[in-house]
Every structure is written in C-alpha cells, then in structure tokens.
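The values are calculated or read from the model by the stated rules, or taken from the named source; none is laboratory data. Bear in mind the structure is a predicted one, so any value in this text is a computation, not a measurement. Here the Cβ positions follow ideal geometry from the backbone for every residue, glycine too, while neighbour counts run over all protein chains shown. These accessible areas exclude ligands, DNA and RNA; they are computed on the full protein's heavy atoms, side chains included. Shrake-Rupley method; radii C 1.70, N 1.55, O 1.52, S 1.80 Å.
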Amino acid sequence: MFQGFGDPARLIVGQTGDKKTLDNIRKDLYLDRPKWKQFVFYLDDVSPVCIHRKKTIQQKQLQGLFIGGNIKFGIKNPYLRQSYQTKKNVSAVLMEALPGTLLLAIAAMLFATIIGILLGVLAAVKKGTWMDTSAVFASIAGISAPSFFMAIIIAYLFGVVLHPYTGLNLTGSWFDIDEVTGEKYLTLKNLILPAFTLGIRPLAIITQLTRSSMLDVLNQDYISTAYAKGLNKRTVIFKHALRNALNPVITAITGWFAELLAGAFFVEYIFGWKGIGKITVDALEKLDYPVVMGAVLLSACIFILINMLGDVLYKIVDPRMK
C-alpha cells in the first residue's frame with residue numbers, strides 16, 4: 001500500500017540519477033519484483049521460521065540455526081531489513097527510539113492514572129455536588145479534544161507565550177547533547193508538555209470509568225456492612241470499594257498505555273520528541289518503507305504484550321478472576 005506514494009529508489013538517487021543506478025537500487029531493494037513476491041520475501045525475513053539461500057544468510061547477517069545445503073531451512077531472529085536512507089538495521093533504529101516513547105507513555109499514563117482515579121473517586125463520593133459536575137464536565141472536554149489539536153495549543157501557550165515564566169521549550173527530546181564533550185544527558189523538563197498533552201484523553205476516560213464503577217460498588221450491600229462494622233470512610237472507599245471498582249479501569253489503563261506506545265505520532269512530531277512516532281513520520285516523508293513496516297510490527301507486538309499484562313493484573317486486583 002505504501003508503494004503507491006512514490007518511488008523510494010528515485011528519492012535515494014535524486015532527480016539527476018541515471019537509469020542504470022536507479023535499476024540497480026530497485027533490484028537491491030527488491031522493488032523490481034512483483035508486489036506479491038516482495039510481500040513473500042518480506043514475510044520470509046520477518047518470520048522466525050524461514051527458507052533462505054546460503055548467500056542471502058551471509059549478506060543479511062542473519063542470526064539463528066540453519067540446516068541444509070545451498071537453500072537452508074532455519075529458525076532465526078526476525079530480520080526487519082535496513083533503512084533505505086541511513087542503511088542502519090531497522091531493529092537498531094527502532095530500539096534507539098523506543099526508550100523515548102516508553103518514557104513518554106509511562107509519564108503520560110502515570111499522570112492520567114493517578115489524577116484520573118482520584119478525580120473519579122472524588123466525583124463518585126461527592127455525587128451531585130459542584131465537584132462531581134466539574135469532574136464530569138472536564139472529562140467530557142478532555143475526551144472531545146484531539147491530541148494533535150491540544151498539542152499545538154499547549155505547545156504554543158506554554159512553550160512560546162508563557163515561556164519566560166515556565167522555562168519550557170516548544171520542542172525538545174528526552175536528552176540533550178553536551179556541545180563540548182558530545183555526551184548525552186537527560187533533560188526531563190522537555191517531558192512535561194508532551195506527557196501532559198498525551199495524558200489528557202486517557203485521564204478523561206479513566207475519570208469517567210472510575211466514577212461510574214465506584215457509584216455501582218458504593219451501592220452494594222458489603223459497603224453498608226463495612227460502615228456498620230465501624231470502619232472509617234477512607235478505609236471503606238479505598239480498601240473495599242476502589243479495589244472492586246478497578247477492573248474496568250485496568251482495561252482502560254492497559255488499552256490506553258498500548259495505544260500511547262503505538263500511536264503517539266502527532267504529539268511526538270509536534271514537540272520534536274525523539275521516539276517511534278517521530279521516527280515513523282520522518283520515514284513516511286522519505287518513503288523509507290522498512291522503517292515504517294518495522295514500526296507497525298513493533299506496535300502490534302506492544303499491543304499484544306500489554307493486553308496479556310492486563311489479564312495478569314485482573315487476577316492480582318480481583319482474585320475471583322482466577
């Protein structure tokens with residue numbers, strides 16, 4: 001599908017490249033083959049189980065166990081190929097960008113989870129008051145605002161207009177490079193704006209889910225029994241009610257965490273945050289297909305792993321799930 005956007009070989013050689021050079025690059029990148037063959041070859045590269053020629057194994061430096069003569073059957077590490085533009089292995093490019101995305105997603109989800117659960121509990125306990133109404137109104141506003149729109153507004157407001165007071169930059173990654181030594185060092189203040197922006201929508205969802213779930217639980221008989229035993233309100237709410245109200249909230253948290261890891265494209269791009277999202281958008285602009293496809297595969301794996309983690313967390317929070 002991506003190949004409908006243009007010819008990456010032409011982008012590599014430039015407008016002045018001759019036809020022979022262009023044909024050689026297309027052959028080297030398998031772009032001279034029919035689309036179905038390109039797809040089969042790509043599957044053979046990314047699959048742990050593969051069939052490769054001996055020469056191909058040496059060229060691609062595939063790591064694994066291979067048996068056979070000239071054509072070998074093998075079990076190997078997935079090979080995501082090389083970037084068209086930088087010639088670096090796609091796996092190395094993605095692993096270099098992954099820490100930035102992980103840091104951003106974890107910070108955004110911590111902010112969204114802690115504030116969202118507290119607001120949801122407060123809204124449920126203070127049902128019908130101005131606190132409840134304000135929390136519900138704010139959560140609806142948060143759900144309605146697209147991340148890319150909020151990113152532009154927040155970046156301009158806090159990074160440009162209020163920069164003299166906040167000291168926050170319009171763009172910046174999780175590290176800076178020392179001009180003298182060339183060493184990387186952490187710059188966590190650059191994390192504040194993108195994490196806040198990315199956390200707004202999950203915060204709104206978590207607030208509403210916590211409120212709704214808490215209202216259901218607070219009406220249960222065992223909560224009345226807990227009060228009748230003389231337990232204080234804080235113990236009843238946080239130890240008995242909240243724990244039993246967390247299942248739908250965990251579903252939202254794990255789902256959103258996976259989505260933030262896989263889909264922070266616009267936020268990373270707008271704030272200049274070095275992560276998988278920005279790497280993928282840059283690759284799309286340059287028609288660097290292996291990087292884009294590698295990022296999509298990594299995102300799919302992340303979704304699967306986070307959903308499995310969610311199932312484990314259900315059992316920890318609610319032993320009845322076992």
- So which residues in region 254-271 are open to solvent by less than 40 Å² (accessible area, probe 1.4 Å) and β-branched (Val, Ile, Thr), if there are any at all? Thr254, Val267
- Item | Ile250 being open to solvent by less than 20 Å² (accessible area, probe 1.4 Å) and over 16 Å from the mean Cα position of the chain (by Cα) | yes
- Out of Lys126, Lys60, which single residue is open to solvent by 30 Å² or more (accessible area, probe 1.4 Å) and in contact with an Asp or Glu (Cβ under 6 Å, 6 or more places away or on another chain)? Lys126
- Task: Just give me the residues in region 33-67 being closer than 19 Å to Met293 by Cα and among the polar types (S, T, N, Q), in sequence order.
- Result: Gln38, Ser47
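Among residues belonging to region 285-295 that are open to solvent by 30 Å² or more (accessible area, probe 1.4 Å) and in contact (Cβ under 8 Å) with a residue 12 or more places away in the chain, point out the one that is nearest to the chain's Cα centre (by Cα).
Here is the first cut: in region 285-295, the residues open to solvent by 30 Å² or more (accessible area, probe 1.4 Å) are 285-286, 293.
Among the residues that remain, those that are also in contact (Cβ under 8 Å) with a residue 12 or more places away in the chain are: 286, 293.
Values: Lys286: 22, Met293: 15 Å.
Only one residue fits best here, namely Met293.
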- Query: Out of all the residues in region 100-117, is one or more of a type in the set (Phe, Trp, Tyr) and either within 24 Å of the chain's Cα centre (by Cα) or buried (at least 22 other Cβ atoms within 10 Å of the Cβ) (or both)?
  - Reply: yes
- Message: For region 38-51, give me the residue count where each residue is touching a residue at least 24 places away in the same chain (Cβ under 8 Å) and outside any helix (DSSP H, G or I).
- Response: 4
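Looking at region 183-231, which of its residues are on the phi > 0 side of the Ramachandran plot and surrounded by 12 or more Cβ atoms within 10 Å (Cβ to Cβ)? So that I can check it myself, show each step before the final result.
Quick first cut of region 183-231, residues on the phi > 0 side of the Ramachandran plot only: 230.
Once the filter is applied, which keeps residues that are on the phi > 0 side of the Ramachandran plot and surrounded by 12 or more Cβ atoms within 10 Å (Cβ to Cβ), region 183-231 yields nothing.
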- Scanning region 170-182 for residues that are acidic (Asp, Glu) and either surrounded by 22 or more Cβ atoms within 10 Å (Cβ to Cβ) or in a loop (DSSP other than H, G, I, E, B) (or both) gives Asp178, Glu179
- Task: Have a look at Lys315, Lys239, Lys274 and point out the one that is open to solvent by 20 Å² or more (accessible area, probe 1.4 Å), touching a helix residue (DSSP H, G or I) at 6+ places or on another chain (Cβ under 6 Å), among the charged types (D, E, K, R) and free of Cβ contacts under 8 Å to residues at least 60 places away in the same chain.
- Result: Lys315
- Query: Here are some residues: Leu110, Leu94, Leu118. Which one is closer than 30 Å to Leu11 by Cα and modelled with pLDDT of 90 or more?
  - Reply: Leu94
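So which residues in region 1-30 are among the aliphatic types (A, V, I, L, M) and open to solvent by less than 30 Å² (accessible area, probe 1.4 Å), if there are any at all? Full working, then the answer.
Pass one, region 1-30, residues among the aliphatic types (A, V, I, L, M): 1, 9, 11-13, 22, 25, 29.
Residues satisfying the conditions are Ala9, Leu22, Leu29.
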